[in-house]
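Participant: Just dropping this structure here.
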Amino acid sequence: MPFVWVGLLLIVLKWFEFEPVAAWSWWAILAPLAIAFAWFELLEPLLGFDKRRADDEFAEMRRLRIERQFPYLRVQTKRVKVRTRA
């Protein structure tokens with residue numbers, strides 16, 4: 001996500017012609033956005049980050065459902081920390 005913010009900042013700086021960004025090539029301005037695209041579309045699925053996040057969310061929903069359905073058992077289920085998007 002930082003690459004997206006840097007890319008957007010560079011586009012704004014180029015648009016309003018702030019120096020030294022105004023003299024840069026558009027390739028340099030758009031490079032952070034290309035890196036962000038490669039990360040989110042290629043590397044993240046390849047490394048399994050997207051599936052891991054979905055599995056953690058599913059495990060947390062399952063744990064909450066079990067605790068809600070069987071409150072009298074008070075079985076300590078393994079708590080899975082749910083990661084939030086930063």
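Participant: Which residue pairs have Cβ atoms closer than 8 Å, lie 6 or more positions apart in sequence or on different chains, and pair a first residue in the range 12-27 that is free of Cβ contacts under 8 Å to residues at least 40 places away in the same chain with a second residue that is open to solvent by 80 Å² or more (accessible area, probe 1.4 Å) and not small (G, A, S)?
Facilitator: K14/W24; K14/W26
Participant: Among the residues of the range 42-65, how many are open to solvent by less than 60 Å² (accessible area, probe 1.4 Å) and at pLDDT 85 or above?
Facilitator: The number of residues fulfilling the criteria is 4.
Participant: Same structure, new question: Can you tell me which condition V6 does not meet? The list is (1) touching a Pro at 6+ places or on another chain (Cβ under 8 Å); (2) open to solvent by less than 60 Å² (accessible area, probe 1.4 Å), and all the others hold.
Facilitator: Failed condition: (2).
Participant: What number of residues in the range 37-72 are in a helix (DSSP H, G or I), closer than 30 Å to G7 by Cβ and not charged (D, E, K, R)?
Facilitator: 11
The values are calculated or read from the model by the stated rules, or taken from the named source; none is laboratory data. Worth saying up front: this structure is predicted, and the values here are computed from it rather than measured. We place every Cβ from the backbone using ideal geometry, glycine too, and count neighbours over all the protein chains shown. Ligands, DNA and RNA are excluded from the accessible area calculation, which covers all protein heavy atoms including side chains. Shrake-Rupley method; radii C 1.70, N 1.55, O 1.52, S 1.80 Å.
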